[in-house]
Number of protein chains: 2
Amino acid sequence: MRNAFYISDGTAITAEVFGNATLSLFPMEFEHTTIPFVETREKALEVKAQIEQAAAKSNEKPIVFFTFVNPELSEIILASNAVCYDFISTFSSQLQNELGVEPVPKVHRTHSIHEQSYDFRIAAVNYALANDDGANIKDYQQADVILVGVSRSGKTPTSLYLALQYGIKAANYPLTPDDLDSGELPKSLQPYKNKLFGLTISPERLAAIRNERMANSRYASLRQCRIEIREVEMLYKRFRIPYYNSTHHSVEEMSAKIMAETGLQRRKY
Amino acid sequence: MRNAFYISDGTAITAEVFGNATLSLFPMEFEHTTIPFVETREKALEVKAQIEQAAAKSNEKPIVFFTFVNPELSEIILASNAVCYDFISTFSSQLQNELGVEPVPKVHRTHSIHEQSYDFRIAAVNYALANDDGANIKDYQQADVILVGVSRSGKTPTSLYLALQYGIKAANYPLTPDDLDSGELPKSLQPYKNKLFGLTISPERLAAIRNERMANSRYASLRQCRIEIREVEMLYKRFRIPYYNSTHHSVEEMSAKIMAETGLQRRKY
């Protein structure tokens, strides 16, 4: 299998995200290896040896996506027996001409605690946890968005992703069969109607997810799931709550959709 | 302020991560706009109009990072009055030569529910939540790693990041003053010593974080924080638990470090 390496003097998260997005275009399998925190000459030489060992073993040049602040480290990697992409420099030199400003490389520039957004994101994670699953209905004033939906429709992981990725304070509140029977919004949500965003899901997928939790229960029955989903969608329409179907969508896609539909501003870029 | 756009037919997460990493090299402020799910000609034309409005208003060409599967949409964006980077194609054409394989572009290739890793990652998030803060000591057999540390040393957000980003099942367990006094590992952790990874933090930073929770309490006092941190580091050394200091590090950095030190395999690339 062809080897792919993601290497950086920081977390290597950018190299992973970019390299994987590029390689996923090709209908091939890769053996992936990430090596973060390559901050010294010694470590870079070790990494070069590791790349060349992989090349020798597979008889093919590994594909290497790397980014370093220190050009001395870049040179060490570039000298290895591999196809190397210094993927950020490729664009930063073009951008330098366009912006008329010299780049100022700095280690741990992204994904570090020094990002302005960092404290926001951690506060948002703590908020999401404290306000998960209707656990706390007193702090909705602070919420950027309140996700609503029936049990197991994807509210919790979406709230956490919104917090970690974008610094958005997302509470979530489960709409129970009792709430749905009443045909009204729960009292605690009524003052915050404008912050509500609904999730829905196909009854079949919901039943499958609930069955993993409580097999063969009434809660997990397709009949019960059909009733709840029909009623929750009626509620969304009645109160003009924007909503999105999570059946075929990942938490990343739901989060991106919620950001786009609500017009919420990211606290992180 | 110079405008920066991140545009895609999917979530635009890759465009954001890559574009931001590149622009953050330049000591300038940018006005960031993300536009995900640009999947039709009509939507692309709207986006083109939005880019050109920004150009007219600021009197400077916006910087646009974009990626589309459909080349017709790429052409619409490329025709706008902006500096456009089709950042993935730049490398995929080079890679095509190297790999000898044609790229097969597909919408929602990354960050979608169809990724092999998706179910793993959601299961890992559910695991992290159910095993947060010592809430559940019966399922450590399933854990990939168990984070330990004193209260508020960063265990919970790190567990969640490991789950969402890498599909790693991370439990976390708070080491209390009682645990530390005993000088022994808590009974529930003893069978899983090889899965433990410790977090530590400077007493000053810990006191600041605890004071936000419970101002002027004994729990938040610098004296108490100093004692706990001294004892927890002694415990790590005594039981040879690898550990990392979170004082100056983000959850992304801690997670990358934990992955590197433990040799855990990512379930997502």
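Data overview
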read-out: For the range B:183-222, size of Cβ-based charge dipole, Lys and Arg +1, Asp and Glu -1, in debye; value: 140
read-out: Cubic angstrom per residue, convex hull over Cα atoms of the range B:203-265; value: 92
read-out: Entries in B:LYS138/B:LYS187; A:LYS138/A:LYS187; A:LYS43/B:LYS195; A:LYS268/B:LYS106; B:LYS155/B:LYS195 that, when Cα-Cα distance is taken, lie over 19 Å; value: A:LYS43/B:LYS195; A:LYS268/B:LYS106
read-out: Using alpha-carbon coordinates, inclination of helix B:118-130 to the longest axis of chain B, degrees; value: 30
read-out: Built amide H within the under 5 Å cut-off of A:TYR243, gap 5+; value: A:GLY198
read-out: P(r) of the range B:118-262 over all Cα-Cα pairs, binned every 10 Å from zero, in whole percent; value: 12, 44, 35, 9, 0
read-out: For B:164-171, mean number of other protein chain Cβ atoms within 10 Å; value: 2
read-out: Centroid-to-centroid separation of the range B:202-228 and the range A:13-34 [C-alpha atoms, Å]; value: 43
read-out: Electrostatic dipole magnitude of the protein assembly as shown [Cβ: Lys, Arg +1; Asp, Glu -1; Cα centre; debye, to 20]; value: 1440
read-out: Extension gain from A:HIS114 to A:GLU52, taking 0.36 nm per residue of separation minus the Cα-Cα distance; value: 18.8 nm
read-out: Averaged over B:97-108, number of beta-carbon atoms from partner chains that fall within 10 Å; value: 4
read-out: Using a 7 Å Cα-to-Cβ projection, B:ASP86 label spacings across copies, nm, ascending; value: 2.5
read-out: Full-stretch length increase - B:ALA260, B:GLN142 - with 0.36 nm per residue and alpha-carbon distance subtracted; value: 40.5 nm
read-out: Dipole-positive endmost among B:VAL47, B:TYR236, B:VAL17 within chain B (Cβ charges, Cα centre); value: B:TYR236
read-out: Within the range B:199-254, trypsin sites (Lys or Arg not before Pro) in DSSP loop having at most 13 other beta-carbon neighbours inside 10 Å; value: B:ARG218, B:ARG240
read-out: Acute angle (nearest 10 degrees) that the helix B:87-99 long axis makes with the longest principal axis of chain B, alpha-carbon atoms; value: 90
read-out: For A:33-39, mean number of other protein chain Cβ atoms within 10 Å; value: 3
read-out: Convex hull projection area averaged over all views, chain B, Cα basis, nm²; value: 18.2
read-out: Relative contact order [Cα under 8 Å, 6+ residues apart], chain A, whole percent; value: 15
read-out: Check: the range A:2-99 dipole with +1 on Lys, Arg Cβ and -1 on Asp, Glu Cβ, in debye; value: 200
read-out: Rounded tilt (10° steps) of B:155-166 against the dominant C-alpha axis of chain B; value: 40
read-out: Computed P(r) (all Cα pairs; the protein assembly as shown; 10 Å bins; percent); value: 4, 17, 26, 27, 19, 7, 1
read-out: For the range A:34-87: Kirkwood Rh in Å [reciprocal of mean 1/r, alpha carbons]; value: 11.1
read-out: Rg over Rh, two decimals, the range A:2-99 (C-alpha only, Kirkwood Rh); value: 0.97
read-out: The range B:117-203 - convex hull of the alpha-carbon atoms, volume per residue in Å³; value: 88
read-out: Mean projected area (nm²) of the alpha-carbon convex hull when the range B:18-58 is viewed from all directions; value: 3.5
read-out: For B:PHE5, B:PHE26, B:PHE66, order by how many other beta-carbon atoms lie within 10 Å, fewest first; value: B:PHE26, B:PHE5, B:PHE66
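Bear in mind that the values in this text are calculations on the coordinates, not laboratory data. Not measured: the values here are computed from a predicted model. As a convention, Cβ positions derive from the backbone with ideal geometry for all residues, glycine included, and neighbour counts pool all protein chains shown.
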